[in-house]
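Scroll down for the structure; my scribbles are underneath it.
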Amino acid sequence: MNKINRMRTWAVMMIVALAASLAMTSCGGGGLEKTIKKALINGDTTQVTYDSICSIIKGSPEKYSDFLDKNGEINVDALGKYINEVGSKLRPPMSWNIGAYGLKNLSLTIYFERSGSMTPYDHTSGRGQLKKAVNDLINFFPDRESVKINIVNDNIYPYSGTVDSFLQDRNIYESTSGTGNASYTDFKLIFEKIFQAQKPGNVSVLITDLIYSPQNTADVSVEKILNEENSVATAIFKTYKGKSIIVNQLMGDYNGMYYPYNNAPVAYNGQRPFYVIIVGDASTIDRMANDDKYAKFLHPDGVKNTYRFNQAPGDINFKIVPDWKDNTGRFRISRDDQNTLTKCEGDRETGVMCFTIAANFKPLAKDDAFLTNIANYTVQSQSGFQITIRPIAPADINNNNRAYLEGMTHLITARGKLNTSHDELSITINNQFPAWIGESSTSSDINPAAAGFATTTFGLDRFLQGIYDAFAPGNATYGKIVVKIEN
């Protein structure tokens, strides 16, 4: 009987071991895990190391199928998640953002609007901010050989010159006169053709004033045309759920005729907004946002406001900093879970507990004005913890905290009086329709002397709200940080 029991026990142990082996194989394991650990511990997070990891995966495609896409190429998102799972088990925890390594052979297509209301941006008396913005996009794109330029209004027309001739042209609207019908811009057709023409690895940019100006609008009321604009935007972008759109607002000198909705043209000399709209696969934009060589491309000089549509929630890499000047009270970071605080006590005199989180917000591609504004966060805990946020400065990092602060962008200070034995601090970054869009919009552009004419765009909020509605589910967020607190 004992012999039978021993055999049963041995069989169960073998089954458990086999299951564990299979589990490890399906999510990495073996040589892959060892290579990743070695790279993290040695700080060897380079392109060469990344390539060697890819070679291990492609050398055993059946074993590492979880990290390959249907075409047999590296699934960068899946591999990145696994790498950071391995790194989270190290002491101190480590991470490696490999998003940028998936970017190879990107191409750029410029769509340059040539309508009647666009030509005054390039008047010889102005400073040429619009043309400089386009030139910067081309110059700061890593592979200039892959750049193509089109002229758009009633349709899309290939630019007849070269990239160099475009860059050097001091009067681009004069050089392209006669291209298409400049009396209106068909945004529905333009965006649909941009999406249809995009192949994997292509990034498209539309330079425009974003004024909706279809044909045959005589006697059509303002409200009717704005409702149409909103519906058209939603209909277009709802069809392309995998795309992501960055809208950058810039200001430029404007000297010439302006064309108000259903009114006679008026002369105007002053500042006007224009827009750099970047379109690409959401996964491509994600990886570009994590690659420093695309920073000046995604965020051109002179940007006044910006917003990215269809930015999916992501995992936010963060670490609790055990020894920081703002910390008060007592706590320990759990050995089993680096995101759990144990043995927590408030300050003996005030009862206040304060701890600090170092977070990497770089993948969000948001400026500090957004990231440090507490109104953009939902903070929840039973004890009513409140937070403040500031960027990490180089002077903050020293040998004692380097393992926690290096690779992070912001410090979150949480402060409160713990009034329960088990609490949870949840910090959610909300993805809300930006206030600047409403502030930059108008439903009447008749009078150039009116307050706000220089800083507003006719119907801007309706068009961009249509895009937002096409992509954003209810209660959209960028990500969440959760810390468990136990006394």
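The values are calculated or read from the model by the stated rules, or taken from the named source; none is laboratory data. Note that the structure is predicted; figures quoted are calculated from it, not measured. Methodologically, a virtual Cβ is constructed for each residue, glycine included, from the backbone with ideal geometry; neighbour enumeration extends over all protein chains shown. For the accessible areas, the whole protein counts, side chains as well, though only heavy atoms, and no ligand, DNA or RNA atoms are used. Shrake-Rupley method; radii C 1.70, N 1.55, O 1.52, S 1.80 Å.
Quick notes on this structure:
- The residues of segment 284-341 expose, per residue, 52 Å² of accessible area to a 1.4 Å probe.
- Probe 1.4 Å - accessible area at residue 234, Å² to nearest ten: 30
- Stretching residue 105 away from residue 257 to a fully extended chain increases their span by 50.6 nm, per 0.36 nm per residue minus the current alpha-carbon distance.
- Residues listed by number, segment 356-389, amide nitrogen under 13 Å from residue 417 label point at 7 Å toward C-beta: 383-385
- Helix 2-26 axis, angle to the chain major axis (alpha carbon atoms, nearest 10°): 20
- Backbone N atoms of segment 120-142 closer than 19 Å to the 7 Å Cα→Cβ label point of residue 189 are not found in any residue.
- Distance from the C-alpha centroid of segment 324-374 to that of segment 125-149: 42 Å, rounded to the whole angstrom.
- FRET efficiency for the residue 124 to residue 181 pair, using the beta carbon distance and R₀ = 30 Å, is estimated at 0.75.
- Debye intensity ratio I(q)/I(0), log10, segment 297-363, q values 0.17 Å⁻¹ (C-alpha model): -0.75
- Each residue was assigned an accessible area with a 1.4 Å probe, and for residue 324 the value is about 30 Å².
- For residue 354, the accessible surface of its heavy atoms amounts to roughly 0 Å² (probe 1.4 Å, protein chains only, rounded to the nearest 10).
- Probe 1.4 Å, all protein chains present, accessible-area order of 461, 291, largest first: 461, 291
- For volume of the Cα convex hull per residue in Å³, calculated from these coordinates, the label among (1) 160; (2) 204; (3) 143: (2)
- A 1.4 Å probe run over segment 107-184, with the rest of the protein chains in place, finds 45 Å² accessible per residue.
- Modelled FRET efficiency - R0 41 Å, residue 60 with residue 398, Cβ distances, 0.05 increments: 0.45
- Mean shadow area of segment 51-99 over all directions, Cα convex hull, nm²: 3.5
- On the basis of the beta-carbon distance and an R0 of 51 Å, residue 38 and residue 227 show a calculated FRET efficiency of 0.30.
- To the nearest ten degrees, helix 129-139 and the longest principal axis of the Cα atoms of the chain are 50 degrees apart.
- Legend: P(r) of segment 129-244 from all alpha carbon pair distances, 5 Å bins from 0, whole percents, reading 2, 9, 18, 20, 20, 15, 10, 5, 1, 0.
- Annotation: extensible slack from residue 160 through residue 369 equals 71.1 nm (criterion: 0.36 nm per residue apart, minus Cα-Cα distance).
- Rounded, prolate or oblate (a/c below 1.5 giving rounded, otherwise prolate when a/b exceeds b/c) for segment 336-398 by Cα gyration tensor: prolate
- Taking 0.36 nm per residue of separation and subtracting the Cα-Cα distance, full extension of the segment from residue 148 to residue 218 would add 21.6 nm.
- Helix 47-59 and the long axis of the chain differ in direction by around 70°, with both axes built from C-alpha atoms.
- Accessible surface of segment 290-442, 1.4 Å probe, proportion on carbon and sulfur as whole %: 44
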